[in-house]
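Quick notes on the structure that follows.
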Amino acid sequence: MTCKTLILVSDKFIDFTLDKKAITVSQLSAMLEVPEHILPGKLKLIPGLGISDNDIEELTTKINTHRTSPHRWDVSALASRPRPAETCLSHKRLPHNTLIGTPHQLDENRFRMDLCIDENSELMGDHQTGQHVQGMVLVEASRQAFLAVTEAFFQGEGEDSVYFVINSMTTEFMGFVFPVHSHIDYRVVSKDINDRRKKFSVEIDIIQGGDMRTRSSISFTVYPNRVISKREAALARDTVEVFLSQFQQPASNFVAE
């Protein structure tokens, strides 16, 4: 039996499915109700970007309990889709806001992780146009990447909680990233670590289809939270004093004409 392959993406990437072997979650739900003789042959689903765990669970349950669907749909690839990193690595409270997979170390200064996007992400909630992933989603994924790599590989056991300070961040966009599998290549360009802080310069590339689509160059410093929190509090107090002083100046005397 011939088996055709379809890429499954979230509903927000509906424009991407036009004229392609791709389908949205809602389109798939509708197709599950089509009689088997209308869609002969087996169809294999490959996970794209944007689909949520709830989407996968509901669709898989519906397919497996449908009288004819298990013979028509091959959903095995959905179970092995890239999974997002733990929220303690991405510094996000809600799992669907994590845009990266768990980082894996390739050598001393090189790491790799999957790009993971849930359409319920905070950055997908209000703006998605066209067929490609929006640039700010990719910038945030790169930001999460340096947090995750540092937390996973450059923090010793028993160390104090830390605070990340971005010193500089630039991103070049070489091409669109579409809602199919992509990964992140992470390289430490330089590091300067002492007892007071850890300073890094890194390059973070988002790769799709073997091509680099974005490159972020980021310089950041990691401080013990107890150190930077005191400094931050002092700066915040100074800012409030300056701000309020603007409202404490005596009003100008105006002479009526």
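Every number in this text was worked out from the coordinates using simple rules, so none of it is lab data. Computed from a prediction, not measured in an experiment: that's the story for all the values here. Because the Cβ atoms are built from the backbone with ideal geometry, glycine has one as well, and the counts that use them run over all protein chains shown.
Using the beta-carbon distance between Ala79 and Leu106 and R0 = 30 Å, what value does 1/(1 + (r/R0)^6) give for FRET efficiency, to the nearest 0.05? After rounding to 0.05, the efficiency reads 0.70.
Over the alpha-carbon set of the range 11-55, divide Rg by the Kirkwood Rh and report the Rg/Rh ratio to two decimals. Intermediate values should be presented prior to the final figure.
Working: Rg = 11.3 Å, Rh = 11.8 Å.
Looking at the range 11-55, the ratio lands at 0.96.
May I ask for the angle, rounded to the nearest 10°, between helix 53-65 and the longest principal axis of the chain, with both axes built from Cα atoms and the value confined to 0 to 90°? Long axis of 53-65 versus the principal axis of the chain: about 10 degrees. Each peptide in 114-120, 57-63, 15-21 was scored by the mean count of other Cβ atoms within 10 Å over its residues; highest first, the order is 114-120, 57-63, 15-21.
Taking 0.36 nm per residue of separation and subtracting the Cα-Cα distance, full extension of the segment from Thr239 to Met212 would add 5.6 nm.
For a straight C-alpha distance cut-off of 16 angstrom, the lysines reachable from Lys20 (same-chain residues fewer than eight places away being disregarded) are Lys4, Lys12, Lys44. Taking the inverse of the mean reciprocal distance over all distinct Cα pairs, the Kirkwood hydrodynamic radius of the range 48-107 comes to 13.6 Å. Computed from the alpha carbon atoms alone, the convex hull of the chain holds 224 Å³ per residue.
The residue list Ile46, Asn225, Gly101 was ranked by how far each Cα lies along the charge dipole of the chain toward its positive end, using unit charges on Cβ atoms, and Ile46 comes out on top. Run the dipole for the chain about the Cα centre, Lys and Arg Cβ at +1, Asp and Glu Cβ at -1, nothing else charged, and hand back the magnitude in debye, nearest 20. The dipole of the chain has a size of about 500 debye.
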